[in-house]
Amino acid sequence: MKKLGLPSVVATGMGLIVATSCLLSLGQGAGGVGVTFIIAMAIACLVNICTALSNAELNALMPNLTGGLAQYTLTSFGPFISIVTVVGATIVCNAFTGSAECAMFGASVNAAFDTPVPSVVYSVGLIVVLMIVNLNGVDMFAKIQNVVSYGLVISLVLMGFMGIFGVAPGEKVSQSWVVSSDFSEVVSMVGLAFFLFLGAEFIIPIAGKVKNPRRNVPLGMVLSLLVVFLMQVIVVLGMHNYVPWAELSASSSPHILFGTNLLGTTGTFWMIIVSVFAVVSTANTVISSIPFICAGMAKIGLLPEFFLKQNKKGAPYIGILMMGSVMILVNCTGLTTSSQISFYILAGCIFWMISYIITNINVLILRKRMPKAPRTFKVPGGILIPLIGIMGNIFMILHIDGDPAVASAIYKICAALYILIGLYAALWVKFVLKKKFFAPSPLHEVMAMENELYLIVRRKKRSALS
């Protein structure tokens, strides 16, 4: 099989980072403080680069593990923290962000065509279609996901430059570059900016197919983040000349608003076509990939084994039905306005930030515990970069939103969900796994879990004990 080069690795990272809901965060951030939102973006990008490098080191220590974070954390912290972290960062986080992505689909359709049909109908319809597709074991969008993502990036860069140089036929607006230069207000946008750079670590699963992974995996993650950052800077600067900041901040589809103000009807349809495909691609990835992650966790004993069950088409149907049903439920609660979508995005970000903190701590723990273990890549600078990753994510959690009431509501819902996850994890570890909560599993045992025989042996042991 032909190995993937650096350009393909970067393309994969960009395809996973860029989603239409990111454009909501970009529009709201820029609309809130103006071009100074770029400072918040730079901080968030830097912190995510640190975590990307930590992921690369963990992969170098334990290559080709399908469970990824679950197995890294199992080696560092034991089963309880592993379950809490991964369930929060995969199932709960993607239930929020995937639901927000589908809500953007409905909002985009109504923003472009002003139909009498409620946005939630389009959102739920999309989820149902994707559930049916994945239950049939067919990922009909897989071949076009990178093409769509590149199309979105190129379209946004072209529109951004047209806005910057004022060459578009739309009506230009005269407004200040900066809405707020108050550093505390800019800092309050860092949590929102974090969402613009999520997903680079999903390059890790393809590391075994990459040429010179020691160089290209970490470099590919860093470059994909920097390319996306540059694209978003261009878009923010372009928006300044054609969209009033207040309208941008209030819109539930700021990318559609930008396209319309820039190029009229042509811009509307240009953005709607590209963004709808990006929504479908991203939502499809959530509904198709999370069930396989759940199956991977079930394989190593961290989730119930019914997640391993497949239908006749080879689809992990329980996970698909679970993710789809949760996303439908979230959308039916009234996820229609930009503030509501943003709330769910920020709540999902908390879970992701905590998983990033654990990722960086994993690096420090495993360096201390196994300093001489072979690693094909090691984060440079000693403990500095992992520490920046830890402190940066803590900082963003503390500044998740500038409105104390909104931040408090986000913290409360995340705390409640973590209590529920923690209760499940405690019962599962004590009565099913029958292990100590914080007893790390040996590295060789975690690596052995990838073998199909591990599950068979575990089942035999359980039968013998019962």
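Does any residue of segment 281-290 turn out to be at pLDDT 85 or above and over 18 Å from Ile83 (Cα atoms)?
Yes; the residues of segment 281-290 include at least one that is at pLDDT 85 or above and over 18 Å from Ile83 (Cα atoms).
Answer with yes or no whether Ser252 is crowded, with 24+ Cβ neighbours inside 10 Å, on the phi < 0 side of the Ramachandran plot and not in a helix (DSSP H, G or I).
So Ser252 fits the description; yes.
Looking only at segment 325-349, count every residue that is of a type in the set (Val, Ile, Thr) and either under 13 Å from Pro386 (Cα atoms) or open to solvent by less than 10 Å² (accessible area, probe 1.4 Å) (or both) and tell me the total.
Matching residues across segment 325-349 total 2.
Can you go through Phe307, Phe292, Phe351 and tell me which one is within 17 Å of the chain's Cα centre (by Cα) and farther than 30 Å from Ala407 by Cβ?
Criteria check complete, one pass: Phe292.
Can you pull out every residue in segment 271-318 that is in contact with a Lys or Arg (Cβ under 8 Å, 6 or more places away or on another chain) and assigned to a helix (DSSP H, G or I)?
Within segment 271-318, Leu308, Tyr317, Ile318 meet the criteria.
Filter segment 74-108 for residues that are among the small types (Gly, Ala, Ser) and at pLDDT 90 or above; which is nearest to Leu61 (Cα to Cα)?
This residue is Ser76.
Can you tell me which residue within segment 181-213, out of those that are at pLDDT 85 or above and among the charged types (D, E, K, R), is surrounded by the most Cβ atoms within 10 Å (Cβ to Cβ)?
Glu185
From the residues in segment 214-248 that are open to solvent by less than 30 Å² (accessible area, probe 1.4 Å) and either under 15 Å from the mean Cα position of the chain (by Cα) or without any contact (Cβ under 8 Å) to a residue 60 or more places away in the chain (or both), which one is farthest from Phe161 (Cα to Cα)?
Met221
For segment 280-315, which positions are in contact with a Pro (Cβ under 9 Å, 6 or more places away or on another chain) and either open to solvent by less than 10 Å² (accessible area, probe 1.4 Å) or aliphatic (A, V, I, L, M) (or both)?
Of everything in segment 280-315, those that are in contact with a Pro (Cβ under 9 Å, 6 or more places away or on another chain) and either open to solvent by less than 10 Å² (accessible area, probe 1.4 Å) or aliphatic (A, V, I, L, M) (or both) turn out to be Pro291, Cys294, Ala295, Ala298, Gly301, Leu302, Leu308, Ala315.
So Phe377 clears everything in (1) in contact (Cβ under 8 Å) with a residue 60 or more places away in the chain; (2) assigned to a helix (DSSP H, G or I); (3) of a type in the set (Phe, Trp, Tyr) except one condition, right? Which one?
The failed condition is (2).
The values are calculated or read from the model by the stated rules, or taken from the named source; none is laboratory data. This structure is a prediction, so every number in the text was calculated from the model and none was measured. Don't worry about glycine lacking a Cβ; one is built from the backbone with ideal geometry, like all the others, and counts go over all protein chains shown. Surface accessibility is based on the protein's heavy atoms, side chains included, excluding ligands, DNA and RNA. Shrake-Rupley method; radii C 1.70, N 1.55, O 1.52, S 1.80 Å.
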